[in-house]
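Below is one structure, written out as structure tokens; the observations come after it.
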Amino acid sequence: QNSLLPSRRVSRLAACGPAPLAVQLARPARAAMPFAPISLDEMNKEVLAWDIYQMLAGGPLYDVKKVPVRFTSIDQYLDIFEPLLLEECRAQILRSMGESEPAPHHLKLLSIEQNEPFRLMRFQPPPPPEGGKPHFFETDIVLVSYEPLDMDAAAKRGDGEDEDEPSTGGDFHALGLVASGGGSEHLSIKLHLPSQRTARMPQAQFKRLSMLHRVMVPSSGHWYVQKLGNMVTINREFQALYSMRDLPLCEALLAPGPSRLPASATLKPSEALLRAIETRFDKSQLQAIRLSLTGRGVTLIQGPPGTGKTKTILGILSVLLATRDARARQEEGAAAPPPSAIAPLSPDDPHTRPPPPSVASLLAAASPWLRSSSYAGIDAPGGRRA
């Protein structure tokens, strides 16, 4: 297997470069915590070793594979999606650089603390901006360099020049993660500067990082710190990727196929409910709702902003709740509650006060059993009629 984190307790790193490195990761006992927190250290070491000039050259850093429809194991799943996630991280950093282009800050290096496997660099913070908003936030990814970023050198690298050189810009540069920034007495940045080369680290990367390990000391003076982007989204995606093994739906996601449930498990909402749903959703949304009723694996609701994903999910929940309640009444033979058992809405009682029109419209669209003239005659939970 070729993943950053282990399948049980050991795994191997997959990236560009020589043979992967075995990595140990201790995780809390599953009985005590079903979803053990996933450490970001291995991904951080991977990303912080990247060469900014190699990133700007435009070529991929990893060999990505075609995503199959089905996976034979969770390890295959991780081996395929991990390089894709790392390439997405690189693309996000470059996109953020192109959109914002923040100016570098020339900051004095105050102190260094060894915090294995990283080094915590404390810089004199930049002067606060006029608006009061800090320049740096926790999880920002930054470039720390002795000289400003040389975009001309990056362009030459992208054109095929100096390909054999490990880097440019004085070789004194590395990516870092902001550990504490806004409002602090100092700006703390975490760097990965290994003193020994690992089996999978390219020689050029190690040469650059080990050189920084020797020369980046408090007496070295001022360094340029330039914000490149933020890692919070990638961190979440990385933790979600490696939480896959603990998901109850893991098997269905790896190998989607016909449901193992009996035919009777397929949900069959009433015709009145289906007619009401059809008036509220477009063709693709209706298809997603119908697929969710078949009991076949997992229905993925995917689309750009504004396409109605949340509305579709509310429609699915509407059908599931109405159908579940109807089946429960049928199986248990429960009678409908008397009208007196249904508490009327009162504008004076804050607990039963009707929602504002915007919320009521959304609820009515998602829940046909709510009081609405658009859904008259539709069965509601508890045997009521809307």
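The values are calculated or read from the model by the stated rules, or taken from the named source; none is laboratory data. Since this is a predicted model, take the numbers as computed values, not measurements. FYI the Cβ positions are ideal-geometry reconstructions off the backbone, even for glycines, and counts take in every protein chain you see. Surface areas here come from the heavy atoms of the whole protein model, side chains and all, with no ligands, DNA or RNA. Shrake-Rupley method; radii C 1.70, N 1.55, O 1.52, S 1.80 Å.
A few remarks follow.
- So residue 63, is it at pLDDT 85 or above, out of contact with any strand residue (DSSP E or B) (no Cβ under 8 Å at 6 or more places or on another chain), among the charged types (D, E, K, R) and not in a loop (DSSP other than H, G, I, E, B): no
- Flag: residue 120 matches the condition of being in contact (Cβ under 8 Å) with a residue 12 or more places away in the chain and more than 21 Å from residue 237 (Cβ to Cβ).
- Boolean, residue 39 is under 21 Å from residue 190 (Cα atoms), at pLDDT below 90 and open to solvent by 30 Å² or more (accessible area, probe 1.4 Å): yes
- Search result, residues across the range 197-217 that are open to solvent by less than 50 Å² (accessible area, probe 1.4 Å) and part of a helix (DSSP H, G or I): 204, 205, 206, 208, 209, 210, 211, 212
For (1) surrounded by 12 or more Cβ atoms within 10 Å (Cβ to Cβ); (2) farther than 22 Å from residue 46 by Cα, each residue gets a yes or a no:
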position: 82; (1), (2): yes, no
position: 87; (1), (2): yes, no
position: 128; (1), (2): yes, yes
position: 133; (1), (2): no, yes
position: 149; (1), (2): yes, no
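- Selection count where residues are closer than 29 Å to residue 70 by Cβ, modelled with pLDDT of 80 or more and in a loop (DSSP other than H, G, I, E, B), scope the range 253-301: 2
- Filtered by the rule that a residue be in contact with a Gly (Cβ under 9 Å, 6 or more places away or on another chain), part of a loop (DSSP other than H, G, I, E, B) and open to solvent by less than 50 Å² (accessible area, probe 1.4 Å), the range 48-59 gives 57, 59.
- Count of the range 60-76 residues which are open to solvent by less than 30 Å² (accessible area, probe 1.4 Å) and under 18 Å from residue 87 (Cβ atoms): 2
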